[in-house]
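Everything below concerns the one structure shown next.
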Amino acid sequence: MYTSSDLRKGLKIEIDGEPYIITNFEFSKPGKGQSLYRCRLKNMVTGNAFDKTYRSSEKFKKAPLDERKMQFLYNQGDEYHFMDTKSFEQYVILEENLQDVIPFMVDNMEVDVLVFHDNPIGVTLPNFVNLTVTKSDPWVKGDTSGTDTKPVTVETGFELQVPPFVEEGSKIQIDTRTGTYITRVKE
Amino acid sequence: MNLHRLQQRAAIIQAVRFFFIGRSYLEVETPIRLPALIPEAHILPLPSASWFLQTSPELCMKRLLAAGVPRLFQICKCFRGSERGHRHLPEFTMLEWYRLDGQYQDLMMETQEFLGDLAARFKGERGYDQEIISLLGQPDWQRLTVQEAFALHAPISVDRALADDCFDEILVEHVEPHLGRDRPCFLHDYPTALGSLAKTSSTNPAVAERFELYIGGVELANGFSELTDPVEQQGRFDREADLARAQGILFGDVPEKFLADLARIEAACGIALGVDRLVMLLTGAQAIDEVVSFSPETL
């Protein structure tokens, strides 16, 4: 259990059976008035946010969250299947909750899954992943367009800008937080 | 620890002293450890053996008024438990000044002169927040009654907020953010229930002659015409004491000697101003931690 004085930015609490993270926090105390704890809370499942001011007498449940290593197995339509690498238990996460990671996720990749009451609610990828370029227009020597990058498509279908020397079939490292090219990877 | 900020803090405190000494205020030091404090519903005193650390120097300073000191000021440490935020420390520095001649309007004027004087001193100096300094240098500071401010900025009236027990929330969420943006703002005439030591207005018995100063949405000082009727003060203490006790707050016995001395004051006014916040404002510091030598977490 937390009390109001434990509230701070980044704390995860459970409200009405759902996990919330405090994304903004301010302690306020108007002159001669009571202590007020002003929070912006974001629902960790739906992403919905709201502001709420608490008094000092409030109590909060810690959100039962844990992070587990899982392997991405395959997807069937919009159902993505993962396996806990410790318990070998399998979980399904819907595509709509994976929008940020799908462009960088390939079969057998190991990922961190945030689990709330045994329900997986979010996936975090490694900061850098290596993906194969599946489509790239050959670079025409003497191209005078003046650009120093060209678009390519990687095995997940994600498109990004890379230096002209990257060819179809080569492996490249991508920063999953920004979706940008880092370097060519030698096999 | 930020050496530059500490140097600025020292310069500001020097300027504060210079102003009050120039106006014939006597600088005093009163005990910070007391056997009994003013009962306040929302302030948690910290015990020190069987006594308490002061939450404000108000008691002893008013007793000095009663003893005949006509004008006095003090810069001292105050302690309030469970208060920590980017503008709050459980141990902080307070400036309080009191005078026998005058009421809260005089004090508003003097506060403006004081902060205008400070602003002039640091105008154009590198490392000081020139935007705030020009705000403080404005000639016409705003005066808004609590009722007017709620009518302007809040979704409900003061009376509704008091009846629904959400005055503090509405004030903090809807009113305070707008106060003192273009020029400093005195929010004044608080509902009597919210001014335990303030004199009831002679023109409107529903409000107390109390004000808070806001600069850039930040509350900096709280002043009032002092309530000097010991019987009424005792009654208000009893009410506050019940509220405080209901929350498990300890503050010692009723400060009897203070009540006895109060009878010897005919009229007075006084104000408390947060020195750490003043330094934050003038230097543009974003957190109170930046303007003190050590915050509790670094000890």
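The values are calculated or read from the model by the stated rules, or taken from the named source; none is laboratory data. Computed from a prediction, not measured in an experiment: that's the story for all the values here. Neighbour counts are summed over all protein chains in view; Cβ atoms, including those assigned to glycine, are modelled from backbone coordinates with ideal geometry. The accessibility values were calculated without ligands, DNA or RNA, using every heavy atom of the protein model including side chains. Shrake-Rupley method; radii C 1.70, N 1.55, O 1.52, S 1.80 Å.
Assorted remarks:
- Boolean, A:Phe82 is out of contact with any His (no Cβ under 9 Å at 6 or more places or on another chain), buried (at least 16 other Cβ atoms within 10 Å of the Cβ), farther than 22 Å from B:Cys166 by Cα and of a type in the set (A, V, I, L, M, F, W, C): yes
- The range B:47-73, subset crowded, with 21+ Cβ neighbours inside 10 Å and in a strand (DSSP E or B), residue farthest from the other protein chains (Cβ to nearest Cβ): B:Leu72
- For the range B:193-216, the set of residues classified as within 11 Å of another protein chain (Cβ to nearest Cβ), in contact (Cβ under 8 Å) with a residue 24 or more places away in the chain and open to solvent by less than 10 Å² (accessible area, probe 1.4 Å) consists of B:Gly195, B:Leu197, B:Ala198, B:Arg210, B:Phe211, B:Glu212, B:Leu213, B:Tyr214, listed by residue number.
- Matching option when the condition is away from chain A (no Cβ under 12 Å), open to solvent by 60 Å² or more (accessible area, probe 1.4 Å) and over 30 Å from B:Asn204 (Cα atoms), among B:Gly137, B:Gly124: B:Gly124
- Tally of residues being within 19 Å of B:Tyr104 (Cα to Cα), out of contact with any Cys (no Cβ under 8 Å at 6 or more places or on another chain) and either among the charged types (D, E, K, R) or part of a loop (DSSP other than H, G, I, E, B) (or both) across the range B:140-179: 2
- Test: residue in the range A:113-129 that is open to solvent by 90 Å² or more (accessible area, probe 1.4 Å) and either at negative phi or within 15 Å of the chain's Cα centre (by Cα) (or both): yes
- Residue in the range B:90-113 that is farthest from B:Val292 (Cα to Cα), counting only those that are within 13 Å of chain A (Cβ to nearest Cβ) and touching an Asp or Glu at 6+ places or on another chain (Cβ under 7 Å): B:Pro90
- For the range A:1-36, a residue qualifies if it is touching a strand residue (DSSP E or B) at 6+ places or on another chain (Cβ under 9 Å) and farther than 27 Å from A:Glu67 by Cβ, and the qualifying residues are A:Glu26, A:Phe27, A:Ser28, A:Lys29, A:Pro30, A:Gly31, A:Lys32, A:Gln34, A:Ser35, A:Leu36.
- For the range B:180-192, a tally of residues being open to solvent by less than 20 Å² (accessible area, probe 1.4 Å) and in contact with a helix residue (DSSP H, G or I) (Cβ under 7 Å, 6 or more places away or on another chain) returns 5.
- Annotation: B:Ser225 fulfils all but one of (1) within 14 Å of chain A (Cβ to nearest Cβ); (2) at pLDDT 95 or above; the unmet one is (1).
- Condition met for B:Gln103 (among the polar types (S, T, N, Q) and in contact with a strand residue (DSSP E or B) (Cβ under 8 Å, 6 or more places away or on another chain)): yes
- Residue in the range A:23-36 that is more than 14 Å from chain B (Cβ to nearest Cβ) and surrounded by 13 or more Cβ atoms within 10 Å (Cβ to Cβ) present: no
- So A:Gln161, is it outside the structural domain of A:Thr176 (by TED's automatic domain parsing), modelled with pLDDT of 90 or more and surrounded by fewer than 18 Cβ atoms within 10 Å (Cβ to Cβ): no
- Every residue from the range A:20-60 that is assigned to a loop (DSSP other than H, G, I, E, B), within 30 Å of B:Leu187 (Cα to Cα) and in contact (Cβ under 8 Å) with a residue 12 or more places away in the chain: A:Gln34, A:Ser35, A:Ser56, A:Ser57, A:Glu58
- Residues of the range B:172-181 that turn out to be at the interface with chain A (Cβ under 9 Å from one of its Cβ atoms) and under 18 Å from the mean Cα position of the chain (by Cα), as a count: 2
- Flag for B:Glu240 being within 11 Å of chain A (Cβ to nearest Cβ), open to solvent by 10 Å² or more (accessible area, probe 1.4 Å) and not hydrophobic (A, V, I, L, M, F, W, C): yes
- Scope the range A:3-19; condition open to solvent by 40 Å² or more (accessible area, probe 1.4 Å), within 14 Å of another protein chain (Cβ to nearest Cβ) and not in a helix (DSSP H, G or I); matching residues: A:Thr3, A:Arg8, A:Lys9
- Pick from the range A:174-187, criterion open to solvent by 40 Å² or more (accessible area, probe 1.4 Å), within 18 Å of the chain's Cα centre (by Cα) and of a type in the set (S, T, N, Q), ranking: farthest from A:Thr153 (Cα to Cα): A:Thr178
- In the range A:37-56, residue least open to solvent (accessible area, probe 1.4 Å) [restricted to those that are facing chain B (nearest Cβ under 8 Å) and among the polar types (S, T, N, Q)]: A:Thr53
- Meets criteria (at pLDDT 95 or above, within 17 Å of B:Val218 (Cα to Cα) and within 14 Å of another protein chain (Cβ to nearest Cβ)) for B:Glu169: yes
- Residue match in the range B:97-112 (condition: under 23 Å from B:Leu194 (Cα atoms), basic (Lys, Arg) and either out of contact with any Leu (no Cβ under 6 Å at 6 or more places or on another chain) or in contact (Cβ under 8 Å) with a residue 12 or more places away in the chain (or both)): yes
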